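Structure first, commentary second.
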């Protein structure tokens, strides 16, 4: 036993040494290790953002100062404060999102969708219903497969479609859809169509509409889109459309066509004559459309016409049409269609594909395994209970400790399925087992992703670097605010002492106005104000401004300011021969104050003095940090930094 433990410790020790060698400790600040990977991440990111490159030695000095400040924030417990934790968690939730998906999958789906848009596919279609439960669906899938075999053996597609297909359009098209374009059908349907070779019949597949099978007859390049305007005369909406009714509609469209041939304006006639309510008000104009968006007759003529040409009257199931082709354009580029493609991806199950792929990778990484005996366990459990019901879910499933699957260092029991099961449903025992097993996959996805999210900072160096950057940046901001920025404003005695000791630094090259300017909406208001001010001579300024505000309201505006030439229109007009101010308050006067050539007190230059005093506090703080917190740098490791 001792020998086994000794060998195990050697193996473990070797593994730890190998890990340390891959990412060695570059430096320690206040005892906290900083790995080479973290330093290189920030160093390279900083280098990309700088206009003027700095040497590695210069960056190391800045980096150490930065980490010293973070160490000071940690020593003060700022990172443990509830407000800080709440904000940090918000950042974490934002930055973790890209790591929970394989972003390359999204781009592959976009490019796949665009590739589909470059061609049209001529297909035959066959459909059967989905079952109310999995057993019925399996039977119908078997029927579809046997029908496929009949087609492969030479039986007529139309005859089989008319006999078995439940597609509502089969009576009219006999199972032949003709050319379709990408984006017309659900993705799972489209994918099978575009992946089935010409002349072949797909295997039966499902969508939420039913069980499908397609035969691909031909493929052609997409012809892009056209824009047309049309005039429609509708057939009467009756159960039995007679030839005389159709003839009456034909007479109407022919009279419109004759008027067009004699020079009538197409748009104006469409507004008055067309019975298509959606387009008539717009002069018959329809939005851009590609192949397959319109009924076949309309589609064919719209694409065959030359730009500017007008068709003769033609018939569809709706009535008689006349088309004028306005424009044509080739298939749009990927970037032109990207937004529309991405919006469509967001609307179907492809939205989950990047995350599903990430889960697949994580399952492999975590050695995910489903309990191979789970089917037998569920079969036996439901047999002992007697049937699937609420008591079975609440009493057996909810209390089961039988392993469902394992991954990483976790074992997830069967009880994890409880919340996903509908206990009100009724099945035979075999179907119930299938129903329960259907929830293993979604449960595993959730469990694996939650585990990854909880442990991502240890398992994913890229995330750890980004997260630590956010955390340290927040700590740096907060501690700097407390030690320097806010401190300078709160230290009134220190600020005043600094100003008095450095008065000579704060001189102006030109005079400033210091005081209160009163602005009025017009001359008469300003003259009335002057009269009131004269009558209040000797009163405190606060009393005067209060009375003026109360009497004149929004007709005047008073501003206390410190302004140089060019910084305020009223000051420029009153003291520097500037023009009369534009705007609501063109009339101005000095309520208090005048020009001063140099600062008279701290308040006159407080912004500049505060900024300079912050620099002083910053320097003192850094000196204090260097004296308080020990710093050691491994020079050998520093030489390994990639520059």
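Is it the case that residue 155 is at negative phi and either crowded, with 20+ Cβ neighbours inside 10 Å or at pLDDT 95 or above (or both)?
On the way: at negative phi: yes; either crowded, with 20+ Cβ neighbours inside 10 Å or at pLDDT 95 or above (or both): yes.
Judged against the criteria, residue 155 is a match.
The helices (runs of 4 or more DSSP H) found wholly in segment 448-538 and carrying at least 1 residues that are modelled with pLDDT under 95, within 30 Å of residue 565 (Cα to Cα) and not assigned by TED's automatic domain parsing to the domain that holds residue 583 occupy 486-490, 492-501. Under the condition of being surrounded by 15 or more Cβ atoms within 10 Å (Cβ to Cβ) and out of contact with any strand residue (DSSP E or B) (no Cβ under 6 Å at 6 or more places or on another chain), the residues counted in segment 319-333 number 2. Under the condition of being crowded, with 16+ Cβ neighbours inside 10 Å and in contact with a helix residue (DSSP H, G or I) (Cβ under 6 Å, 6 or more places away or on another chain), the residues counted in segment 364-384 number 3.
Residue 157 meets all of the listed conditions (1) closer than 28 Å to residue 344 by Cα; (2) assigned by TED's automatic domain parsing to the domain that holds residue 192; (3) touching a helix residue (DSSP H, G or I) at 6+ places or on another chain (Cβ under 8 Å) but one, namely (1). Under 29 Å from residue 237 (Cβ atoms) and touching a residue at least 12 places away in the same chain (Cβ under 8 Å): is that true of residue 341 in this structure? Criteria not met by residue 341. Residue 579 meets the conditions (1) in contact with a helix residue (DSSP H, G or I) (Cβ under 9 Å, 6 or more places away or on another chain); (2) within 30 Å of residue 620 (Cα to Cα); (3) surrounded by fewer than 13 Cβ atoms within 10 Å (Cβ to Cβ) in every case but one. The failed one is (2).
Of the residues 607, 594, which single one is at pLDDT below 95, exposed (fewer than 15 other Cβ atoms within 10 Å of the Cβ) and within 25 Å of residue 511 (Cβ to Cβ)?
607
For the criterion of being loosely packed, with under 14 Cβ neighbours inside 10 Å, assigned to a helix (DSSP H, G or I), in the same structural domain as residue 443 (by TED's automatic domain parsing) and at pLDDT 95 or above, residue 430 fails. Residues that are in a helix (DSSP H, G or I) and either free of Cβ contacts under 8 Å to residues at least 24 places away in the same chain or farther than 19 Å from residue 29 by Cα (or both) within segment 629-643 comprise 635, 636, listed in sequence order.
The values are calculated or read from the model by the stated rules, or taken from the named source; none is laboratory data. Just so we're clear, the structure is a prediction, and the values are computed from it rather than from any experiment. When we count neighbours, we look across all protein chains shown, and the Cβ atoms used for this are built from the backbone with ideal geometry, even at glycine.
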